[in-house]
1. So, in segment 52-67, of the ones that are assigned to a loop (DSSP other than H, G, I, E, B), over 15 Å from Leu213 (Cα atoms) and in contact with a Pro (Cβ under 9 Å, 6 or more places away or on another chain), which residue ends up modelled with the highest pLDDT?
2. Of the residues that make up segment 142-154, is at least one outside any helix (DSSP H, G or I) and crowded, with 16+ Cβ neighbours inside 10 Å?
3. Taking segment 215-240 on its own, how many of its residues are more than 15 Å from the chain's Cα centre (by Cα) and under 21 Å from Leu59 (Cα atoms)?
4. Which residue pairs have Cβ atoms under 9 Å apart, sit 6 or more places apart or on different chains, and have a first residue in segment 271-282 that is closer than 19 Å to Ile21 by Cα and assigned by TED's automatic domain parsing to the domain that holds Leu254 and a second that is of a type in the set (S, T, N, Q) and modelled with pLDDT under 65?
5. Hey, Phe338 hits all of (1) surrounded by 13 or more Cβ atoms within 10 Å (Cβ to Cβ); (2) out of contact with any Asp or Glu (no Cβ under 9 Å at 6 or more places or on another chain); (3) among the aromatic types (Phe, Trp, Tyr) but one; which does it fall short on?
6. Kindly provide the set of residues from segment 164-182 that are within 17 Å of the chain's Cα centre (by Cα) and not hydrophobic (A, V, I, L, M, F, W, C), ordered by number.
7. Inspect all residues belonging to segment 306-318 and state whether any of them is buried (at least 21 other Cβ atoms within 10 Å of the Cβ), out of contact with any Cys (no Cβ under 7 Å at 6 or more places or on another chain) and among the hydroxyl-bearing types (Ser, Thr, Tyr).
Amino acid sequence: MRALAAAVFGNGRAGWLATWIFLLAEWTEQDYLSPQAAGYLIMLAALALTVRYLVRPGLAHPVRSRPGRRLPPANLPRERLAVHGLILIFALALAPTHQLTPFVLAGLLLVMALTRRLWPGWLPWLVLVPALVWFSLGAKDFWQGQLHMVVGDIGQVTSSVDQGITGRFTGDAGRTAILIVRVALTGAVGALALGGWWVRHRRGLHSLPLVVLAAAPLAMAVLQSYGGEVFVRCYLFALPFAALLAAGGLDAALGARAAPGPLATTTRVAHRFPQAGPVVVGLVLTLLGLATITARGGGDAYLSYTRSDVAAVADAYRLAKPGQTISGLSADATPLGFDKIGVVSQTSIEDTCPRYIQVTDCVQETAPDYLVVIPSQDNYGQIYYGLRAGWTDRLVADLVRYGKYRVVFDEGGSRLLARTGGGEGR
């Protein structure tokens, strides 16, 4: 992000402000070790290289060339050729990494081309073709027979809103408060971006590409609900450019040069209260950071795992034979999926037992070979569905009493149950 900000604003203060806004407002928790995070990092690197070497005029500069004419950037052809090669490598790496990121990168490059910034205009296709080839060939086994998962939500904006916003306001008062903080933080970043655009517009710095780039990821809501998380992804992909716009406004609040562009006139407020600008900027950054800490920590009660939790799952992997099933009570509150992918089936009881109504019967009907029960699942049931504390203890006691399961691992409140006749204890 720092490289992208420097490519847009130079090495001055505005670039650093954009970097800090990005870091302090990234509440989506998509920066853990995952394909999404790796793809996002590659995308930012590709954007930074593009803006630095393949964009003219800059994203924060007005267009002065004649319509229909793109000027080559003011660098050597061999530098541009090297960047083309790097972006092709990035595109090849992104194609199998994540289902959204390569298409978002291609879309952002297309925006730069349509606003007559990008040189050459065919660069978006260089990114798009590897993703389409991978989808057609490499991912064929996934979408063949379930193409509705990919195209079924196209145009269903109401469904995206229901799943991505209104449908997420479930759970107790604490969770609702966290969700309100996330929505407010998202709105605050949007307001700062609009404010930054307005300030630059008043100074004759028409940053249309930055505005369109920040708004473009919202198009994903028209194409996919993404399992109810599409607006989280919209925010994630819009954040770099929203941070750039917001930085322009905060930089102006400091009463200094609006980079890039002409010298800004110092406001009357700045004359009377010379410390007002730094105080306002410091307060904004502090509030963003505190809100992000609050928003990111909202799920710790059921998303944080102890060594005992991981050991219970590891024991399930050790005991389970190929083709058997390991289940957790909730996919969001169980550390499954770090081993034996495709060897054993890894499922969630919540998928077939909404709100855990008659959960004991659900487990017996589903009959997984191994059932992981850990404290985070108990917290999950309390937060989302208002269940009483200790409901997982009662579930374990019932399953053992009925003779359907036996406990084969019990450590620190984390337990692994094996279906009678389904495996051996350790």
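1. Leu54
2. Looking through segment 142-154, at least one residue is outside any helix (DSSP H, G or I) and crowded, with 16+ Cβ neighbours inside 10 Å.
3. In the first step, residues of segment 215-240 are kept if they are more than 15 Å from the chain's Cα centre (by Cα); the result is 215-216, 219, 222-223.
Subsequent filtering for residues that are under 21 Å from Leu59 (Cα atoms) retains 215-216, 219.
Here the count works out to 3.
4. Gly277/Thr267
5. The single condition Phe338 does not satisfy is (1).
6. If the condition is that a residue be within 17 Å of the chain's Cα centre (by Cα) and not hydrophobic (A, V, I, L, M, F, W, C), then Gly164, Arg168, Arg182 are the ones that fit.
7. Within segment 306-318, none of the residues are buried (at least 21 other Cβ atoms within 10 Å of the Cβ), out of contact with any Cys (no Cβ under 7 Å at 6 or more places or on another chain) and among the hydroxyl-bearing types (Ser, Thr, Tyr).
Yes/no matrix, rows are residues, columns are (1) hydroxyl-bearing (Ser, Thr, Tyr); (2) closer than 17 Å to Thr19 by Cα; (3) not assigned by TED's automatic domain parsing to the domain that holds Thr158:
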site: Ala188; (1), (2), (3): no, yes, no
site: Trp198; (1), (2), (3): no, no, no
site: Arg202; (1), (2), (3): no, no, no
site: Tyr226; (1), (2), (3): yes, no, no
site: Arg233; (1), (2), (3): no, no, no
site: Phe237; (1), (2), (3): no, yes, no
site: Leu245; (1), (2), (3): no, yes, no
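The values are calculated or read from the model by the stated rules, or taken from the named source; none is laboratory data. Everything numeric here is computed off the predicted structure, so don't read it as measured data. Please note: Cβ atoms are built from the backbone with ideal geometry, for glycine as well, and neighbour counts cover all protein chains shown.
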